[in-house]
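What follows is one structure encoded as structure tokens, with my remarks underneath.
No value in this document is a laboratory result; all are computed from the given coordinates. As the structure is a computational prediction, the values presented were derived from the model and not from experiment. Neighbour counts run over all protein chains shown; Cβ positions are idealised from the backbone, glycine included.
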Amino acid sequence: MQAHHFDKRGGSLIINEEKLSRALEHARPHIGEGRVASYIPELSKADANDLGICVHTIDGQRCRFGDWERRFTIQSISKVINLAVALEHSGADAVFKRIRMEPSGAAFNSMQRISDNEDVPFNPMVNAGAITVCDLLLPLGIEKMIEISQKLCMDEDITLNEEVFESEWANSARNHSLAYLLQSKGVVRGNVEEVLRLYTQMCSLNVTAESLASLALLLANGGVHPETGRRILEEDVVKTVVTVMLTCGMYDGSGEFAVRVGLPSKSGVGGGILSVVPGEMGIGVYGPSLDEKGNSIAGQKALEFLSHHERLHILDRCADGRKTF
Ligand code: GLU
């Protein structure tokens, strides 16, 4: 496949509906290869055929296509918000004393790797790590965390989806086991039920592909909102969060996704993917049909298509290097 040359407007990419529609049409035939999540019963009500995308660029372009307005639960993409807030409030030392920064190579809810000889979770993007992050966030509480999420995603309509929360809470034996195991190792120190409640509530926030694109744009711009010029997150925090997303954001599919798409991203079992194009744009995708790893199957295909055709891969610069001296 020959990559197209990308158009530039004032130094940045031009994105239009046609490009987004082509990406979705390329991805749509893959929907049937996946399945909607059902281990949280309420999630199985999603329409597997939904597919939407939203792009916000640093120079103010806003482009949407398909089911970009559909509300769905953020699920694991909340791990990005949780980590950013914990880094801002508690500092990197406190966070990384309790959680490592290594890809686990295991499923999102794996207990395997926190075995007897591993005392701390592998990274903040898998459940064990994110539950530990929520231990640090406990003093803030869910109301404050919703307020912060609304601000980071530029979306005042983000609310807690009570049905999804109750459904997950009633089926959270696995996460309970993880949390109590972490408590037994002294990693989770607060009240385990409260920590887990906060973790699960954060997974149950209602977002759209556009809310994800806004958050991705903020990260792409180093924590400063390009419209207002206001700093919302510290530069170091953004750099850390985005790096962890690149290495760990797509669960045990992170390596392949980095090769194929090459964008720091985070997926959730609700069907969302948030992708950061550093210095250029934020992308939000929604497609609830998931692969066996829990990543949106068509969402990944749409991102791969866009990355290839618009030359968004963060290491495309290596491919461009034909200099001699
Ligand atoms: N709430 C889900 C869980 O903890 C999030 C998983 C995900 O999105 O990957 O199982």
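Each residue of the stretch 182-228 gets 127 Å³ once the volume of the Cα convex hull is shared out per residue. Derived scalar couplings between HN and Hα for the stretch 211-224 equal 4, 5, 4, 5, 5, 5, 5, 4, 5, 4, 9, x, x, 9 Hz in order, rounded to whole Hz, by the Karplus curve 6.51 cos²θ - 1.76 cosθ + 1.60 (θ = phi - 60°), x for Gly and Pro. With neighbours defined as other Cβ atoms within 10 Å of a residue's Cβ, the residues Arg71, Arg98, Arg230 order from fewest to most as Arg230, Arg71, Arg98.
Stokes-Einstein at 25 °C, 0.890 mPa s, Kirkwood radius from Cα pairs: D for the stretch 139-297 in µm² s⁻¹? List each step's numbers first, then the result.
Details: Rh = 16.7 Å.
Roughly 147 µm²/s, to the nearest whole number.
In terms of other Cβ atoms within 10 Å, His56, His308 run from fewest to most in the order His308, His56. 3J(HN,Hα) along the stretch 167-172: 5, 6, 4, 6, 10, 10 Hz, from the Karplus curve 6.51 cos²θ - 1.76 cosθ + 1.60 with θ = phi - 60°, whole Hz, x for Gly and Pro. Exposure proxy for Ile99, Ile142: other Cβ atoms within 10 Å of each Cβ, ordered fewest to most, give Ile142, Ile99. Put a dot 7 Å past the Cα of Thr159, heading toward its Cβ, do the same for Asp59, and the two dots end up 3.9 nm apart. Taking Cα centre as origin and charging only the Cβ of basic (Lys, Arg, +1) and acidic (Asp, Glu, -1) residues, the dipole magnitude of the chain rounds to 780 debye. Relative contact order for the stretch 81-234: 24 percent, from Cα pairs under 8 Å spaced at least 6 residues apart, divided by residue count. From helices alone, the chain scores -12500 deg cm²/dmol at 222 nm; the rule is -39500 (n - 2.57) for each run of n ≥ 4 DSSP H residues, then divide by the residue total. Between the listed residues Gly271, Ala106, Val259, the Cα displaced farthest toward the positive end of the dipole of the chain, a dipole computed from Cβ unit charges relative to the Cα centre, is found at Val259.
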